Amino acid sequence: MIKSLKDFILILILVGFAHTFFSCNSNADENVLRIAAASNLRYALEELNAEFEKETNIKVEMSAASSGKLTAQIQNGAPFDIFLSANKKYAFYLYENGFGIEEPKLFCSGLIVYWTNKDIHLTGDIREILTKKIRRIAIANPQNAPFGQATVEALKSISIYDSIKQKVIFAENVSQISQYVLNNNVDVGFTSKSVVLCPKLKGKGKWFDVDESLYKPIEQFVLLLKSKRQNKNAQKYYDFLFGENAQNIFKKYGYK
């Protein structure tokens, strides 16, 4: 029971403060976008996100991992607003199981290269990984990583995968392949072209394109996710991905 006018005024002040506090927190949360992105997109998105933040004043928080791992996290309630998958399969799986607002959309396609940081003479003929000078080869785990799936597909298409299987070290994702290559833990790593073209790694070691005809296009799809907070700024980011500025950034990092 309110015993005096002073108590009543104090309650009004506290209620007003609480309303302001939660309103500010809500607005602050609204101004942060949480992006789940396939590892291969990490470097391109670092530049793209900076441009988006500069243009919109909306902060982007990015979690990069294999598409399969991110799919599992989203299924288990991870609070992401947008999912950028390294293939169609994972994006449509989430959409068809009720996690997406609208059908996933293709925004670019990735390419594979093989890369070494060692003083090994390579010519650009992918079959040279059969030779004795190549003893350890890093490939992203094909069970979770679309770039790993595409790499295995490419090697099988020229009938050399079975011959090099004993040399293969499976990495969790494209980011881990970079660690293996740069630390000289492997002789060759199969990775995204976006990695070797990023400013941080450009010029480190040598790399060669894997013939695009050996594997299906590694199509990158974006999915707007349903979430409890339903961040309205997610649509702005989604639209930004298809704009000229963003598409030029993807091209700069070797995407098609």
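The values are calculated or read from the model by the stated rules, or taken from the named source; none is laboratory data. The shown structure was predicted, so the numbers you read here are calculated from the model rather than taken from an experiment. So basically every Cβ, Gly included, is an ideal-geometry build from the backbone, and we count neighbours across all protein chains shown.
Search segment 132-146 for residues being outside any loop (DSSP other than H, G, I, E, B) and over 16 Å from the mean Cα position of the chain (by Cα), and hand back the single one that is surrounded by the most Cβ atoms within 10 Å (Cβ to Cβ).
Of everything passing the filter in segment 132-146, Ile139 is surrounded by the most Cβ atoms within 10 Å (Cβ to Cβ).
For segment 176-188, the condition holds for at least one residue, the condition being that it is outside any helix (DSSP H, G or I) and among the β-branched types (Val, Ile, Thr). Residue count for segment 189-225, restricted to those that are of a type in the set (Lys, Arg) and either touching a Cys at 6+ places or on another chain (Cβ under 9 Å) or assigned to a loop (DSSP other than H, G, I, E, B) (or both): 4. Here Gly124 meets each of (1) on the phi < 0 side of the Ramachandran plot; (2) surrounded by fewer than 16 Cβ atoms within 10 Å (Cβ to Cβ); (3) in contact (Cβ under 8 Å) with a residue 60 or more places away in the chain with one exception, condition (1).
Those residues that are surrounded by fewer than 17 Cβ atoms within 10 Å (Cβ to Cβ), of a type in the set (A, V, I, L, M) and under 17 Å from Arg135 (Cα atoms), I need them from segment 147-163; list them, please. Selection gives Ile160 alone.
Apart from one condition, Phe83 fits all of (1) at pLDDT below 95; (2) buried (at least 23 other Cβ atoms within 10 Å of the Cβ); (3) out of contact with any Ser or Thr (no Cβ under 7 Å at 6 or more places or on another chain); the exception is (1).
Of all the residues that make up segment 194-248, how many are in contact with a Leu (Cβ under 6 Å, 6 or more places away or on another chain) and charged (D, E, K, R)? Here the count works out to 1. Among the residues making up segment 174-195, those that are under 18 Å from the mean Cα position of the chain (by Cα), touching a residue at least 24 places away in the same chain (Cβ under 8 Å) and crowded, with 24+ Cβ neighbours inside 10 Å are Val174, Ile177, Phe190, Thr191, Ser192, Ser194, Val195. Here Glu51 meets the list (1) over 18 Å from Ser194 (Cβ atoms); (2) charged (D, E, K, R); (3) at pLDDT 95 or above almost entirely, failing just condition (1). Lys232 - would you say it is touching a residue at least 12 places away in the same chain (Cβ under 8 Å), more than 19 Å from the chain's Cα centre (by Cα) and either over 17 Å from Ala145 (Cα atoms) or assigned by TED's automatic domain parsing to the domain that holds Ile58 (or both)? When the stated conditions are applied, Lys232 passes them. Of all residues in segment 203-235, those satisfying the criterion of being surrounded by 14 or more Cβ atoms within 10 Å (Cβ to Cβ) and of a type in the set (Ser, Thr, Tyr) are Tyr215, Ser227.
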